[in-house]
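The next block holds one structure in the form of structure tokens; read it before the comments.
The values are calculated or read from the model by the stated rules, or taken from the named source; none is laboratory data. Keep in mind it's a predicted model, so treat the numbers as computed, not measured. Please note: Cβ atoms are built from the backbone with ideal geometry, for glycine as well, and neighbour counts cover all protein chains shown. Just so you know, the surface numbers come from the protein's heavy atoms only, side chains and all, with ligands and any DNA or RNA stripped out. Shrake-Rupley method; radii C 1.70, N 1.55, O 1.52, S 1.80 Å.
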Amino acid sequence: MALRLYDTKTGAIRDFQPLEPGQVSLYYCGATVQGRPHVGHVRSAVAFDILTRWLEASGYRVLSVRNVTDIDDKILEKSAASFRPDFQPQADYPAADPWFALAYRFEQAFTSAYDALGVRRPSYEPRATGHITEMHALIARLIEAGHAYPALDDSGDVYFDVRSWEQYGELTRQSVEDMQDAPDVDPRGKRDPRDFALWKGHKPGEPDSASWESPWGRGRPGWHLECSAMSTKYLGATFDIHGGGLDLRFPHHENELAQSAAAGDGFARFWMHNGMVTFAGEKMSKSVGNTISPEDMLAQARPTAVRYFLGQAHYRSQLDYRPGALQEAEAAVERIENFLSRALPQGDFAAVSELPQSFRDAMDDDLNVPAALAALHETVRAGNTALDRGEDASGAAGQVLAMLDVLGLRDVPEPDGGSGGPALEALIHLVQAQLERRAEAKAAKDYATADAIRSTLTAAGVEVEDTPSGASWSLRSGAAHG
RNA sequence: GGUGGGGUGGCCGAGUGGCGAGGCAGCGGCCUGCAAAGCCGUAUACGCGGGUUCGAUUCCCGUCCCCACCUCCA
């Protein structure tokens, strides 16, 4: 089976073939860095990270771009607010910052969150403010083609003319007539209320640093334009996949498509959208205030378990967070890890082997990760059965390692990752001494003493397991030690 | 009003016109000095009402409910 992907634009699963053999160009929308990330942002990144890994496992070279929107209304507003006399420092906004510093601080928070969950960095990560020239060129092409116009008032805005582009609405299969008018629609200098800004004229009171000269007056980029400008700059006028969260489908992606297509670019061949993360059934978002941060999750469970949770549902499904979900994910991850430490007691985790066909088929089927995980767990069970019979299971272990690589579950940095420091060294010696005492007690059939030692260790967060080759122990959430 | 996606066993979550994934939790068994881990077994699951069919959770019609987008949003 070859790779098939769901394309939002056609609403169908289609065979995927890249434009250029052997190479896939992928653009997906990153964050507007106006605040700290929540897990919804990270879920999207995990979804496209898994896509990238699967494409690479399938033999493609992947050229990936994820943008950073580092200027927008909210960034400017928050920065401006931080300079007012009534500014109250908060955890999110500890100090007064110029807009660019504020944006960069949050960009770093996003980077940290991605890194903490093993999301590999894209090939390029361009910022909107670094691509003003490309945006001007695109605006000029649109004006030239009769699809954009300077605002009819003196605002200095430049708008896309929705009525001039009859395909407008094709991505989300909506007609302009049926669209609900915004309740507080402000027509400004627009020909049609649905026309959207390509360029926003500089407003009095906004910092000079947040505007650039242009043929249409000083101003700054509109949100939708940047993605058109940057994706085609780095990937070409036509590229393979454009991704992002489902909430970006309209208006953001619809507008991108309109701009680029009206300018004559082929633009994206496939549109992929990940489902939302919900909390108690409701979309997680800043405006609702029901967000959970990656840090919140990492305080509850190991990074690998958090990543497993975020990746386990199909990427197009809604992912509902509820208490206990992370503990379930942790149990599933530990089951896999227990098998690996049984099957590979020497810790030979480089012995990666071929992927099972059932796993490949599942991933080829529009990245059916739930079915791929079923293949993974079946391999684990078969391996455990072999071990129970006294047979070798290194082959199954190698397959498990390969599957974990595709899912990105081996790239997640673990805080207790084995390398130690003096405190861990001391701990290892102390635990070993206790286990030796316990082994002596067991040999003497003094089970009362043996159990007392074990419960003392358990109470200290050290879990003890007896195996045919002696006792092994692990910290309550950490790597096993012989 | 428009557009798109859903309602699957205690929970999560795939999938399919007929042999009912997988995980987590529970119960029984094997193993263990006891545990843990592991293995085996186990459950009246497919919102509701019709229809098509030899047979529907899967197709069609109707109906109820939920979510997302139409405004900044991964």
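Just to be sure I understand, how many residues within the range A:84-112 are within 16 Å of RNA strand B (Cβ to nearest atom) and not in a helix (DSSP H, G or I)?
1
Matching residues to (1) charged (D, E, K, R); (2) in the same structural domain as A:ALA371 (by TED's automatic domain parsing):
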{"site": "A:PHE270", "(1), (2)": "no, no"}
{"site": "A:MET284", "(1), (2)": "no, no"}
{"site": "A:THR291", "(1), (2)": "no, no"}
{"site": "A:ARG316", "(1), (2)": "yes, yes"}
{"site": "A:TYR321", "(1), (2)": "no, yes"}
{"site": "A:GLU334", "(1), (2)": "yes, yes"}
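For residues that are away from RNA strand B (no atom under 11 Å from the Cβ) and open to solvent by less than 10 Å² (accessible area, probe 1.4 Å), tally how many sit in the range A:222-241.
Result for the range A:222-241: 8.
Hey, does the range A:87-95 have a residue that's in contact (Cβ under 8 Å) with a residue 60 or more places away in the chain and open to solvent by less than 70 Å² (accessible area, probe 1.4 Å)?
No, that holds for no residue.
Right, A:ASP296: within 30 Å of A:LYS78 (Cα to Cα) and either crowded, with 19+ Cβ neighbours inside 10 Å or outside the structural domain of A:VAL33 (by TED's automatic domain parsing) (or both) or not?
Details: within 30 Å of A:LYS78 (Cα to Cα): yes; either crowded, with 19+ Cβ neighbours inside 10 Å or outside the structural domain of A:VAL33 (by TED's automatic domain parsing) (or both): yes.
Yes, satisfied.
Condition check: under 30 Å from A:LEU310 (Cβ atoms) and part of a helix (DSSP H, G or I). Does A:VAL412 satisfy that?
Values: under 30 Å from A:LEU310 (Cβ atoms): yes; part of a helix (DSSP H, G or I): no.
No, not satisfied.
Hey, A:TYR114 hits all of (1) farther than 30 Å from A:PRO413 by Cβ; (2) open to solvent by less than 70 Å² (accessible area, probe 1.4 Å); (3) under 27 Å from the mean Cα position of the chain (by Cα) but one; which does it fall short on?
Every condition holds for A:TYR114 apart from (1).
For a quick check of your reading of the model, give me the residue pairs whose first member lies in the range A:305-324 and is in contact (Cβ under 8 Å) with a residue 24 or more places away in the chain, whose second is aromatic (Phe, Trp, Tyr) and open to solvent by 30 Å² or more (accessible area, probe 1.4 Å), with beta-carbon atoms closer than 6 Å and at least 6 apart or on different chains.
Close Cβ pairs (under 6 Å, with a partner that is aromatic (Phe, Trp, Tyr) and open to solvent by 30 Å² or more (accessible area, probe 1.4 Å)) amount to A:TYR321/A:PHE279.
Does A:ALA261 qualify as being more than 8 Å from RNA strand B (Cβ to nearest atom), closer than 18 Å to A:GLU170 by Cα, in a helix (DSSP H, G or I) and hydrophobic (A, V, I, L, M, F, W, C)?
Here the answer is yes, as A:ALA261 does meet what is asked.
Could you pull out the residue among A:ARG322, A:ARG316, A:ARG307 that is among the basic types (Lys, Arg) and in contact with a His (Cβ under 9 Å, 6 or more places away or on another chain)?
Criteria check complete, one pass: A:ARG316.
Looking only at residues that are within 10 Å of RNA strand B (Cβ to nearest atom) and within 16 Å of A:HIS429 (Cα to Cα) in the range A:455-467, which one is surrounded by the fewest Cβ atoms within 10 Å (Cβ to Cβ)?
The selected residue is A:GLU463.
Just one of the numbered conditions (1) open to solvent by less than 20 Å² (accessible area, probe 1.4 Å); (2) within 12 Å of RNA strand B (Cβ to nearest atom) is not true of A:SER175; which one?
Here A:SER175 meets the rest and fails (1).
Report the residue count in the range A:365-388 for those that are within 6 Å of RNA strand B (Cβ to nearest atom), hydroxyl-bearing (Ser, Thr, Tyr) and under 19 Å from A:ALA331 (Cβ atoms).
0
For the subset of the range A:311-355 comprising residues that are open to solvent by less than 90 Å² (accessible area, probe 1.4 Å) and touching a strand residue (DSSP E or B) at 6+ places or on another chain (Cβ under 6 Å), which member is nearest to A:LEU475 (Cα to Cα)?
It comes out as A:SER341.
With respect to the numbered conditions (1) touching a residue at least 40 places away in the same chain (Cβ under 8 Å); (2) over 21 Å from A:THR467 (Cβ atoms); (3) open to solvent by 10 Å² or more (accessible area, probe 1.4 Å), which one is the sole condition not fulfilled by A:LEU376?
(3)
Please state which one of A:ARG188, A:ARG163 is outside any loop (DSSP other than H, G, I, E, B), over 34 Å from the mean Cα position of the chain (by Cα) and at pLDDT below 95.
The conditions single out A:ARG163.
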